[in-house]
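Notes for the one structure printed next.
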Amino acid sequence: MMDDFSFVQMTCLQLSELDMLNSGSTVHKAIERYMLGDDVDGLIGDGGDQVQGYWKSVCDELAHITDVKCTEHRLSHGALLYTGAIDCIARYRDR
């Protein structure tokens with residue numbers, strides 16, 4: 001008897017979208033670590049060509065980010081009744 005694995009079949013488009021999401025998540029994590037002063041070479045190097053391409057596209061601008069106060073900080077406003085997350089509070093090009 002053959003096992004039925006049809007429920008795990010994915011189209012090429014779905015696999016491509018999943019790969020893009022995973023790559024984006026890796027780059028997001030690398031940017032956060034970079035801004036906190038951590039080494040990201042291993043994370044970027046292990047991420048494959050797509051991650052390396054994304055990283056290359058943002059890394060020149062990351063050099064202009066200084067004085068990082070926080071990253072990935074959750075917040076909420078009691079009176080306005082909203083919640084969210086701040087990716088980063090920092091200076092960009094000394095502003």
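Values in this text are rule-based calculations from the coordinates and carry no lab data. Because the structure is a prediction, the values reported are computed rather than measured. Neighbour counts run over all protein chains shown; Cβ positions are idealised from the backbone, glycine included.
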> With θ set to phi - 60° and the Karplus curve 6.51 cos²θ - 1.76 cosθ + 1.60, what are the ³J(HN,Hα) couplings of region 35-46 in order, to the nearest whole Hz, using x for Gly and Pro?
Replying inline: 5, 8, x, 7, 6, 10, 4, x, 4, 6, x, 7
> Summing +1 for each Lys or Arg and -1 for each Asp or Glu, what net charge is found among the other residues whose Cβ lies under 15 Å from the Cβ of G84?
Replying inline: -1
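P(r) tail for region 13-92, what percent of Cα pairs lie past 18 Å?
On the way: 1603 of 3160 pairs.
The proportion of pairs with Cα distances above 18 Å equals 51 percent.
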